[in-house]
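Presented below is the structure to which this report refers.
Taken together, the values in this text are just the output of simple stated rules run on the coordinates, not laboratory data. Remember, predicted model here, so these are calculated numbers, not experimental data. Here the Cβ positions follow ideal geometry from the backbone for every residue, glycine too, while neighbour counts run over all protein chains shown.
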Amino acid sequence: MPPDSLAFTNGSAPADTILTVSQLNRAVGALLEGHFARIWVKGEISNFTQAASGHWYFTIKDDRAAVRAVMFRGRAQTVGFVPRVGEQFEFRAVVTLYEPRGDYQLQIDTLRRAGQGDLHEAFLRLKAKLESEGLFDPARKRPIPTMPKAVGVVTSLAAAALRDVLTSFARRAPHISVVVYPAPVQGADAPAALVQALETAYSRAEVDVILLVRGGGSLEDLWAFNDEALARTVVASPVPVICGVGHETDFSIADFVADLRAPTPTAAAELSCAPRQALLDQTFEFYRALSRHQQRLLERLSMRLDRAMSQLVSPRQRLNQQREGLQSLTARLHRAARRNTELEAARLNLLKTRLNAALPSVARRRQELDRLTQRLAAVGSRQFRRPRARLEAAEQTLQALSPKHILARGYALVRDQNGVLVKNALDLNAGDRLLLELAQGAADVEVLKTRSLL
């Protein structure tokens with residue numbers, strides 16, 4: 001088997017295998033890396049060196065032993081601070097072997113100050129408690145005003161975060177007033193002081209948004225912002241609160257309860273307001289849009305004015321136009337009147353001609369009337385002669401048959417009280433009243449006695 005492909009079984013090599021130093025170190029390195037997963041190691045830093053490449057080289061020791069360690073630049077840049085010799089840390093590392101010297105070492109991924117495991121557990125417990133109460137609910141959080149008149153800053157007067165915030169406002173929004181409510185941001189007394197500073201800001205009611213800021217540091221350095229009383233004070237704020245504590249990778253309880261979390265104090269200042277130049281650019285854009293709209297409006301009105309002026313004439317010209325129109329209408333009326341008169345005259349002449357043609361001759365009609373009258377008289381005389389004779393005969397017959405002539409010969413008509421003619425004397429009774437109608441007059445009689453003439 002070639003030396004470079006040397007392999008071990010059950011942690012040992014064949015007894016007759018001859019190894020080079022490089023092979024041995026490589027095999028030992030493989031064993032170390034295969035046997036140890038990522039582990040946590042606790043110890044004190046000594047012999048710390050920061051190379052020009054950005055890598056950190058140091059020794060981790062306790063009171064009995066020491067081990068070399070390296071933290072490459074990419075990992076070191078995420079720490080946010082430079083460890084100091086003599087400080088206690090907990091390191092998450094991979095066990096490796098530095099082959100050129102045959103020294104084993106720790107390759108560090110991340111580090112935290114000793115005791116931060118307990119702090120992290122306390123952090124998780126408080127986070128779960130406040131989250132269960134709804135203090136992290138996004139629906140509870142208020143929008144950040146885009147154009148505040150004044151911004152409050154709660155931080156230490158000596159903090160670099162305050163300089164960063166003030167520099168950001170001076171550069172981006174010099175028109176906004178900044179009110180600082182000083183309070184320590186680290187140490188045992190920091191949480192109560194931060195609560196007092198926030199309550200002062202609430203009572204003075206002089207700002208539209210509050211920035212709670214601090215620069216980067218370890219979990220211990222940022223622990224003041226994991227205080228429950230501070231979290232509840234932030235929730236009770238009458239104005240929106242932006243929390244910018246530590247670096248982008250740092251999270252605190254104050255970040256979760258704030259209305260907005262900023263990755264850094266500078267970012268908190270930037271998120272609290274729109275930049276002045278952007279507002280000026282927006283205002284100028286609105287001005288240009290308004291100017292364009294006004295220009296288009298003026299152009300449309302100018303066109304309407306031109307059209308109106310083209311249609312506008314002087315009163316004298318309008319009167320002349322109306323006079324000409326009146327004269328034209330008068331001439332048309334006269335022509336129409338003459339035309340109607342001529343038409344009516346022609347029609348009248350036509351009717352006269354037709355009437356004259358239809359009128360009969362009076363003399364001829366009179367002669368015809370006399371002739372017809374004579375014929376009528378002759379016909380009438382012939383037609384009425386025979387009926388008149390018959391009428392006279394009928395009158396004579398009627399006179400002869402009239403009851404009056406019979407009564408004149410001494411007869412009488414006898415009627416009972418109901419006016420019914422009495423024809424049989426036997427139908428009467430003594431005492432009946434009768435009416436006798438004679439040729440001259442009538443008489444009322446009473447029946448004394450009835451008898452038969454046979």
Roughly speaking, what is the centre-to-centre gap between segment 251-327 and segment 412-454 when only Cα atoms are used, to the nearest Å?
132 Å
Just one of [x] 89, 48, 33; [y] 84, 47, 34; [z] 201, 94, 72 is Cα extents along the principal axes in Å as worked out from the coordinates here. Which one is it?
[z]
With each run of n ≥ 4 DSSP H residues scored as -39500 (n - 2.57), what mean residue ellipticity at 222 nm is computed for the chain after dividing by its residue count and rounding to the nearest 500 deg cm²/dmol?
-15500 deg cm²/dmol
Between segment 24-89 and segment 156-189, the Cα center-to-center distance that results, in Å
36 Å
For the chain, calculate the relative contact order in percent as a whole number, restricting contacts to Cα pairs under 8 Å that are 6 or more residues apart.
9 percent
If packing is taken as the average number of other Cβ atoms within 10 Å across a peptide's residues, how do 443-450, 211-218, 157-164, 120-127 rank, most packed first?
211-218, 157-164, 120-127, 443-450
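So what is the relative contact order for segment 407-446, in percent, with contacts set as C-alpha pairs under 8 Å and at least six apart?
Normalised by residue count, the contact order of segment 407-446 is 42 percent.
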Hey, if you put +1 on the Cβ of every Lys and Arg and -1 on every Asp and Glu Cβ in segment 236-339, which of 330, 268, 243 ends up farthest toward the positive end of that dipole?
330
Would you grab the residues whose amide H sits under 5 Å from the one on residue 214? Only those 5+ places off in sequence or on another chain, please, with H modelled 1.01 Å from N.
244, 245, 246
Out of residues 5 or more away from residue 149 or on other chains, whose amide H comes under 5 Å of its own, with H placed 1.01 Å from N in the peptide plane?
208
So who's got an amide H within less than 5 Å of the one on residue 110, skipping anything under 5 residues away but keeping other chains? H placed 1.01 Å off N, in plane.
92
So if I place +1 on the C-beta of Lys and Arg and -1 on the C-beta of Asp and Glu, and nothing else carries charge, what would the dipole magnitude of the chain be about its Cα centre? I want it in debye, nearest 20.
6900 debye
Taking the Cα centre of segment 407-446 as origin, work out the dipole magnitude from +1 charges on Lys and Arg Cβ and -1 charges on Asp and Glu Cβ, in debye rounded to 20.
180 debye
State the antiparallel share, in %, of DSSP beta bridges confined to the chain, rounding to the nearest 5.
65 percent
Taking θ as phi - 60°, what are the ³J(HN,Hα) couplings along segment 261-275 by the Karplus curve (6.51, -1.76, 1.60), each to the nearest whole Hz, with x for Gly and Pro?
9, 10, x, 9, x, 4, 5, 4, 4, 5, 7, 7, 7, 7, x
Treating cross-link reach as a plain straight distance, find the lysines whose alpha-carbon is under 18 Å from the alpha-carbon of residue 449, omitting any fewer than eight places away in the same chain.
423
Run the simple label-point estimate for residue 92 and residue 132 please: 7 Å along Cα→C-beta, distance reported in nm.
2.6 nm
Formal net charge of residues neighbouring residue 453 (Cβ-Cβ distance under 15 Å; K, R +1; D, E -1)
+2
Positive end of the charge dipole of the chain (Lys, Arg +1 and Asp, Glu -1 on Cβ, about the Cα centre): tell me which of 151, 373, 41 has its Cα farthest that way.
373
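Where the only charges are on Cβ atoms (+1 Lys, Arg; -1 Asp, Glu), what is the dipole of segment 297-385 about its Cα centre, to the nearest 20 debye?
Its charge dipole is roughly 580 debye.
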Straight-line reach check, residue 129, cutoff 26 Å on alpha carbons, 8 or more apart in-chain or any other chain, hits among lysines -> 141
Work from the charge dipole of the chain (Cβ charges, +1 for Lys and Arg, -1 for Asp and Glu, about the Cα centre) and give the residue of 175, 358, 67 farthest towards its positive end.
358
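At a 10 angstrom cut-off on C-beta neighbours, averaged per residue, how do the peptides 182-190, 412-420 rank from highest to lowest?
The most tightly packed comes first, giving 182-190, 412-420.
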